Amino acid sequence: MMLALRTMSAQLQADGHEVYLLALRHLEDCFTPCDPPLLHPVYNQSMQTTQKEVDLVVSVFEKIDPDWVGFSVTSNHIGLFIYLGKLFKQIKPGLTIVWGGADVWFNAEEDIQYADIIVLSEADAIINDLAKAIDGDKDLAEVPGIWYHDKNGDVCKNRKLEPFEDLESLPPGDWSLDRFYEVSDNQLYPHGYHPYSIVGQGFRNVMTARGCPFTCSFCCNGFEREDVNLTRLGRQRSVDHVIAELKHIKKVSPGTGMIYFSDEVFPMNRRWVEEFADVYHREIGLPFACYAYPTTVKPWFAQALATMGEGYVLMGIQSGSDRLNREVFHRFATQEDAIQAGRIFADHGILYSIDLIGHNPFETEEDFRESLNLLIRMPRPFLFQAVYQLMFWKNFPITDKAFAQGIPLIQTNEHTWLCQPKPEYAFWQAVLVIAGACKSISPDLAYSFADNPLYRQRPELLNELMQQVQLMNFTRTVTGNWQYKDKHIRDLENYYCRMEGSRAVKTYFTARDRVKKVVEDTKRLSRNLLHLPSMLGGNGKSSADSDEIREIFSEHQADMQARKASFANGKPSDAKKANGVKKPDGANGTQGTNGSSSDRKETRKRFMYPKASQVRAGRAKRDAGQPDEE
């Protein structure tokens, strides 16, 4: 959700720069797609960026005409940014392109070929100095933590930058939409978000601390490269500073509905967490989500999250196999740790989710079965996210291990590989998803899927069931996005309870009832008007009747105008005479063709319309100067 870019945008604006943010939602490399293409793990939809979306990005670039462009680069979409950089340079040859992000930290020697400057540190520590250097007000050689090309094209490597310590000197992120663009689903959203995107649905993210205490082999966090040091732990912001940023987000970002704490692991300092939970509940009060590691989950931790309000915890487990977690993933939480963490969350009424990593060449049959055992034993309810496909990124420890063992991989772009597909991977993915996503599944049924030889030979037979089971836990909201079904129902119930007693809702229901009554009265009047010819003694079918009806209304209108004129001239007696026309003898005894005279009499009284003959007789007497009969 662009947290680092938002922070740097705020820093640069405070220093007098004009900054624009552009979000390209899709993550996959659109020019070197893998085969088969990567699909969203839940919705089974392609995640690749399209050529039209690239064209829209270029159109925004041409409109803004920036002096320099910064890319936040990760390995799985490096090809896209290489391509965009070339396009931008063709449009504006003097443009300065800056790269930062996880891929740069691991592949600086290659990435400097595609950018004028690369940042091998937390860029918000030096972004203002870097901007001054690009503008010519400072020497690039004086900016630590960067590599750049000098005038001769040679690569200059500045000194290493230590981890940024003064987190509280950073301003709140830039959540303004004045200079924000999003390109998604082949459309451009200027000054707004795609309605289906996570930010468009109200998610806002913050970090309370930096650094990660764990060293997972598939993750960029926790490793100190030769030129990068991001492992410094204990860089925790104060409670007041985090709360101030959250208040700022609520104030400046309309539609804020949920806070996602982007910490690698939510803080483990008990004193800090308990203090923060109390203040968050009193002063923020929004639903939230955070990440937890199984061994960090304690009863006091769950109680603090419960104090904060409606919480949702993401807990990556990756595998039920202790061997695989320890030897391959470098994760030292055991299956029992995960089960204990799930039990603590369940006891405190906190919804938690788990996910696994699949398509892993290091995984054995026994490892698969251990993952199935874990899903069956995990305390419910929990939300099973997916079995994610293992990505091998260049120079990551798990990738180096695969190459060292001669494991064949499929390269999808310059810095990304995937495991070669095998039927057993698809089979176990389906089995694990069915076992995890079903709210209630018996161990016998789960094991029957795993032991069925037909499904092993033809795993596609389980795919449709797997997809239906995944979607069973989700629902489409009125805005079109997918949401966890049980949570959506709770949200609707809570919203209804909040709104039911509000003044606005009461006013709405009162107005609705009044409008409903007016509509019903109008319909009743319309039905009676349809019978007006019969009230006047006709059958409503002949043109003569229609002419008579028009004449009646015309004469009645003239009569009403005469009465108004009489009142205006101060002659109420004349108005009384105009309204006091006496029926001719025998009028009450005349039988009409469509109903009795008594029925017509009652109807005429209800509508206050005199018969045409009465109107004519009254007008003739008035014209002759004769008084009306009382």
query: Which one of the conditions (1) exposed (fewer than 15 other Cβ atoms within 10 Å of the Cβ); (2) under 30 Å from Val206 (Cα atoms); (3) among the basic types (Lys, Arg) does Lys157 fail to meet, given that it meets all the rest?
result: (2)
query: Among the candidates Val273, Val313, Val252, which residue alone is over 19 Å from Leu3 (Cα atoms) and in contact (Cβ under 8 Å) with a residue 40 or more places away in the chain?
result: Val313
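Residue by residue, here is whether (1) surrounded by 19 or more Cβ atoms within 10 Å (Cβ to Cβ); (2) in contact (Cβ under 8 Å) with a residue 60 or more places away in the chain; (3) in contact with a strand residue (DSSP E or B) (Cβ under 9 Å, 6 or more places away or on another chain); (4) under 19 Å from Val297 (Cα atoms) holds:
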{"position": "Phe329", "(1), (2), (3), (4)": "yes, yes, yes, no"}
{"position": "Ile339", "(1), (2), (3), (4)": "no, no, no, yes"}
{"position": "Arg343", "(1), (2), (3), (4)": "no, no, no, yes"}
{"position": "Arg377", "(1), (2), (3), (4)": "no, no, no, yes"}
{"position": "Pro381", "(1), (2), (3), (4)": "no, yes, yes, yes"}
{"position": "Phe384", "(1), (2), (3), (4)": "yes, yes, yes, yes"}
{"position": "Trp393", "(1), (2), (3), (4)": "yes, yes, yes, no"}
{"position": "Ala404", "(1), (2), (3), (4)": "no, no, no, no"}
- prompt: Considering only the range 67-101, how many residues are in contact with a strand residue (DSSP E or B) (Cβ under 9 Å, 6 or more places away or on another chain) and outside any helix (DSSP H, G or I)?
  reply: 15
query: Quick one: would you say Phe81 is within 27 Å of Trp417 (Cβ to Cβ), crowded, with 18+ Cβ neighbours inside 10 Å and touching a residue at least 12 places away in the same chain (Cβ under 8 Å)?
result: yes
query: Looking at Arg323, is it assigned to a helix (DSSP H, G or I), in contact (Cβ under 8 Å) with a residue 40 or more places away in the chain, of a type in the set (Lys, Arg) and out of contact with any Leu (no Cβ under 7 Å at 6 or more places or on another chain)?
result: yes
- request: Return the total of residues in the range 352-368 being out of contact with any Phe, Trp or Tyr (no Cβ under 6 Å at 6 or more places or on another chain), buried (at least 17 other Cβ atoms within 10 Å of the Cβ) and part of a helix (DSSP H, G or I).
  value: 1
- line: Considering residues that are within 14 Å of Ser59 (Cα to Cα) and part of a loop (DSSP other than H, G, I, E, B), the number found within the range 170-203 is 1
Residue satisfying condition, being surrounded by fewer than 21 Cβ atoms within 10 Å (Cβ to Cβ), among the aliphatic types (A, V, I, L, M) and farther than 20 Å from Lys89 by Cα, within set Ala123, Ala141: Ala141
query: Pick from the range 391-415 the residues that are within 37 Å of the chain's Cα centre (by Cα) and more than 15 Å from Ser217 (Cα to Cα): which of them is modelled with the highest pLDDT?
result: Leu409
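The values are calculated or read from the model by the stated rules, or taken from the named source; none is laboratory data. Since the model is a prediction, treat every value here as computed from it, not as a measurement. Cβ atoms come from the backbone with ideal geometry, glycine included; neighbour counts cover every protein chain shown.
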